[in-house]
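Presented below is the structure to which this report refers.
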Amino acid sequence: MMQWTIALASWGQTATMTKCGFTSSACGSEFLVKHNLVGPKYTTAQMYLTNSSSIVPVASLDFYSVSLHTLHEASNKLAGTLPNEIQFLHRLWALGLGFNQLAGAIPASLGALTELEGLYLHQNELTHIPETIANLQQLHYIKLSKNLLQGTIHSSIGTLTNLHHLFLQDNIITGTIPTTIANLEQLRSLSLSKKFLQGPIPNSLGSLSNLEWLYLYLNELTGEIQTLGNLRTLQRIFLSLDNFSGTIPELICQLSNLTVLSLSQNDFSGRIPSSINELNKLEELYIQHNSLSGTLPFVAESLPSLSELVLDGNGLNGTIPEAVFTFSHLLDVHLRNNSLTGTLSPNIAALSRLQRLNLDHNEMTGNIPVTLTSLGSLELASLRVNRFSGKMPNQIGALNVSLKLLDLSANEFTGALPDAMGDLRSFEELYVAENDFWGTVHSSFAQMTSLSEFTVIPCNLPICLYAQ
């Protein structure tokens, strides 16, 4: 029977592996042998070593005597540098050394593994990618995220034309996105987030006709994003915390497969396109902290899957359209720091899944609708710094299971705080300062044992609790 000997000097023993399994166990780590995947090329063994309890020098692996298709040693506390001898694993098609303590440059000898299809070296302390990676023409998957990789993304990346997924986020890579990335026609996922990339998105990126996920957030990228409108298969766009500008392109709103659009903390201006209503698969919309203006363009029932609506910190005006209350999957509505006017519609009751409502720092008026108290999942309601008025609904106690934070400060509310507020046992924070509330605070408030913050001053309420 064919055998492979795996020498693990750090454990002081040798494990012999056959096509039917291990004949001996080297240590307390988990050893699994799998084979017979898809097709005849995957009929030989794969080695999985996981969850070592002590630091293991990577040099202790005998790279001369291992002939494997898959070597997976994630979370094994492997330390040191990758040795040049890795080139002798010439039959390897998947190398998984993620979640270890590997340091230094990835050796140029890696370029000898010409059958490699998956390279997983994420969450180590690796510092450089060799240009010889361009030799690995069979690569489908590169995951080098969360390392200390430096330098630029070399233009030779464009030679890896079989690549489907490229993850390089959380490194110290600088420079620009190379135009040769357009050659990766099979690419489905591209993640270059949390780096120091500069310059515009190259127009050539718009030719990646199979791209589904695009993560470019937390860089120093600039310019407009018109070219993304050509990527008809896109499902997720994350461009937050960059320096993009211009208007939100109409073409973006024609990407019918889009589920997440995140453009927050850039310098986009102009109106939110009305064509955004065509994104009927959209689940999350984040455009907070830009320079948008105009009214909210939403049309009734146009975004049936939307769960996150976050438009804080813009210059939006007008009222909250009734259409928003037809988006029955909404969990979070954040519209703070705008110039919204009008009242809060009683139709908010239709948002039965709503958990967080933040309308801080607008110019809204009117009463709190009684129907707000029917939202049994509501955890946070912040209406501070508006011009809401009237009395707080007596039915507020109906939110006794879910509500943790209520902020009504800096409005024009009047009357006494309802006794039923004492039923809000889940309450953690209550802010009612800078209103015209009056009277005494009911003794039932003392039963809100989870309450850690209760701000009433300046107000006409006494600070202490009075027995009734």
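The values are calculated or read from the model by the stated rules, or taken from the named source; none is laboratory data. Quick caveat, the model's predicted, so the values are computed rather than measured. With ideal geometry, Cβ positions are generated from the backbone for all residues, glycine too; neighbour counts draw on all protein chains shown. Side chains are part of the model used for accessible areas, which takes the heavy atoms of the whole protein and leaves out ligands, DNA and RNA. Shrake-Rupley method; radii C 1.70, N 1.55, O 1.52, S 1.80 Å.
Structure notes:
- Of everything in segment 95-152 that is hydroxyl-bearing (Ser, Thr, Tyr) and in contact with a strand residue (DSSP E or B) (Cβ under 7 Å, 6 or more places away or on another chain), the residue that is farthest from Thr176 (Cα to Cα) is Tyr120.
- Selection of segment 392-416 for residues being part of a helix (DSSP H, G or I), open to solvent by 20 Å² or more (accessible area, probe 1.4 Å) and within 18 Å of Leu354 (Cα to Cα) yields Gln395, Ala398.
- Considering residues of segment 313-327 that are out of contact with any helix residue (DSSP H, G or I) (no Cβ under 9 Å at 6 or more places or on another chain) and polar (S, T, N, Q) only, the residue farthest from Ser240 (Cα to Cα): Thr319
- For segment 113-128, residues that are out of contact with any helix residue (DSSP H, G or I) (no Cβ under 9 Å at 6 or more places or on another chain) and open to solvent by less than 60 Å² (accessible area, probe 1.4 Å) total 7.
Matching residues to (1) at pLDDT below 95; (2) outside any loop (DSSP other than H, G, I, E, B); (3) open to solvent by less than 70 Å² (accessible area, probe 1.4 Å):
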residue	(1), (2), (3)
Asn171	no, no, yes
Ile177	no, no, yes
Ile181	no, yes, yes
Glu185	no, no, no
Leu190	no, yes, yes
Ser193	no, no, yes
Gly199	no, yes, yes
Leu211	no, no, yes
Leu221	no, yes, yes
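- Asn358 being in contact with a Lys or Arg (Cβ under 8 Å, 6 or more places away or on another chain) and without any contact (Cβ under 8 Å) to a residue 40 or more places away in the chain: no
- Here Asn162 meets the list (1) under 24 Å from Ser209 (Cβ atoms); (2) crowded, with 21+ Cβ neighbours inside 10 Å almost entirely, failing just condition (2).
- Scanning segment 335-391 for residues that are open to solvent by 40 Å² or more (accessible area, probe 1.4 Å), more than 26 Å from Gly294 (Cα to Cα) and part of a strand (DSSP E or B) yields a total of 1.
Rundown of residues vs (1) among the small types (Gly, Ala, Ser); (2) in contact with a Leu (Cβ under 9 Å, 6 or more places away or on another chain), yes/no style:
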| position | (1), (2) |
| --- | --- |
| Lys404 | no, yes |
| Leu408 | no, yes |
| Glu412 | no, no |
| Gly415 | yes, no |
| Met421 | no, yes |
| Leu424 | no, yes |
| Phe427 | no, yes |
| Tyr431 | no, yes |
| Trp438 | no, yes |
